[in-house]
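A short worksheet on the structure shown next.
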Amino acid sequence: MKTKITLKIIFVTLLIVILIGLVILVFSNNEDEDVNKIVDYKIVDNTTSCTEGLEEIYKDNKSTYYLPCIKSANIEIVWDNGEKDLLKNAINNKKVTIESLKEHGLEVYEYEN
């Protein structure tokens, strides 16, 4: 009799642990999707002249990323839903990654820290 109760307790405990794990998995995936909800965008460079010199646009533990000249204030990210962001705002708000920007044709120089 005791073994049946013990087995039932173990079974119920395992079910609860599995359910909690699934809930955590679902919520962690939703956070990642929030960053990448809008994945299609165009880079619009409205620069007419470019002041010479590298412009830092992002820095992480590994590298610092630069534009070839001072022009980030003239570069817009135009999302597929029509919204617009300035380049640095989109980067700082984690709406785009440096890798994604490179894939979309932005010329970025990377220097290891």
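I'm spelling it out carefully: the read-out is mean projected area of the Cα convex hull in nm², the candidates are (i) 10.6; (ii) 7.4; (iii) 6.6, and one was derived from this structure. Which label?
(i)
How large is ³J(HN,Hα), in whole Hz, for each residue of region 78-90 in order, when computed from phi with the Karplus curve 6.51 cos²θ - 1.76 cosθ + 1.60 and θ = phi - 60°, using x for Gly and Pro?
Running phi through 6.51 cos²θ - 1.76 cosθ + 1.60 with θ = phi - 60° gives 10, 6, 5, 8, x, 5, 10, 9, 6, 3, 5, 5, 5 Hz.
Are there trypsin sites (Lys or Arg not before Pro) in region 32-113 that DSSP marks as loop and that have at most 13 other Cβ atoms within 10 Å, and which are they?
Counting only loop positions with at most 13 other Cβ atoms within 10 Å, the trypsin sites (Lys or Arg not before Pro) in region 32-113 are 37, 62, 94.
Which whole-number percent is the relative contact order of the chain (Cα, under 8 Å, 6+ apart)?
For the chain, the relative contact order is 24 percent.
Find, to one decimal place in angstroms, the Kirkwood hydrodynamic radius of region 42-95, where the mean of 1/r is taken over every pair of different Cα atoms and then inverted.
Kirkwood radius, region 42-95: 11.9 Å.
On a 0 to 90° scale, report how tilted helix 2-35 is relative to the longest principal axis of the chain, with both axes built from alpha carbons and the result rounded to the nearest 10.
Approximately 10 degrees, to the nearest ten.
Which Cα, out of 63, 98, 11, lies furthest along the positive dipole direction of the chain (beta carbon charges, K/R +1, D/E -1)?
11
Residue by residue, what Karplus-based ³J(HN,Hα) values in Hz, rounded to whole numbers, does region 97-113 have, using 6.51, -1.76 and 1.60 with θ = phi - 60° and x for Gly and Pro?
10, 4, 4, 5, 4, 4, 4, 8, x, 6, 7, 10, 9, 10, 10, 5, 6
Taken together, the values in this text are just the output of simple stated rules run on the coordinates, not laboratory data. The structure presented is a predicted model; accordingly, all values stated were derived computationally and were not measured. So basically every Cβ, Gly included, is an ideal-geometry build from the backbone, and we count neighbours across all protein chains shown.
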